[in-house]
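Here is the structure we will look at, set down as structure tokens.
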Amino acid sequence: MEAHTLLDPAKVGNAVNAIAPCLIVDNGLDAAYLGDLAVSLRDARASNIGFLTVPAKQESGKGTAVPDGAKVSALAADLHADRLDRYQP
């Protein structure tokens, strides 16, 4: 994503719509909320942003991955308590 993308509401909307199908989120977290969040983060530095993948497990007999509920709960607790330094996938 280019730096000026977050300054353009239409580009933010397009980016949110592109990634939304790939996300698993709480109820109430919608494209409008994410768009507002993106605009509020327009001055954030890339070096201060991190990413991680939700813990997943393979569905039995299928080639698809599903969230691992216990590990997701542990991740959520660490995130809520600002303890991501101790999180291990």
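Some points to look at:
- Among the residues of the range 12-51, those that are assigned to a helix (DSSP H, G or I) and of a type outside the set (A, V, I, L, M) comprise Gly13, Asn14, Asn17, Pro21, Cys22, Tyr33, Gly35, Asp36, Ser40, Ser47, Asn48.
- Extreme residue, surrounded by the most Cβ atoms within 10 Å (Cβ to Cβ), among residues of the range 1-11 that are in a helix (DSSP H, G or I) and of a type in the set (A, V, I, L, M, F, W, C): Leu6
- Set Ala44, Ala3, Ala32, Ala15: member being among the aliphatic types (A, V, I, L, M) and at pLDDT 85 or above: Ala44
- Of the residues making up the range 43-81, those that are within 21 Å of Asn17 (Cβ to Cβ) and surrounded by 13 or more Cβ atoms within 10 Å (Cβ to Cβ) number 1.
- One residue alone among Leu37, Leu23 is modelled with pLDDT of 80 or more and not small (Gly, Ala, Ser), and that residue is Leu37.
- Of note, Ser73 does not satisfy the criterion of being of a type in the set (Ser, Thr, Tyr) and either in a loop (DSSP other than H, G, I, E, B) or touching a residue at least 12 places away in the same chain (Cβ under 8 Å) (or both).
- Residue pairs whose Cβ atoms lie under 8 Å apart, separated by 6 or more positions or on different chains, with the first residue in the range 77-89 and touching a residue at least 24 places away in the same chain (Cβ under 8 Å) and the second among the basic types (Lys, Arg), are Pro89/Lys71.
The values are calculated or read from the model by the stated rules, or taken from the named source; none is laboratory data. Source: prediction; values computed, not measured. In this analysis, Cβ positions are derived from the backbone assuming ideal geometry, glycine residues included, and neighbour counts consider all displayed protein chains.
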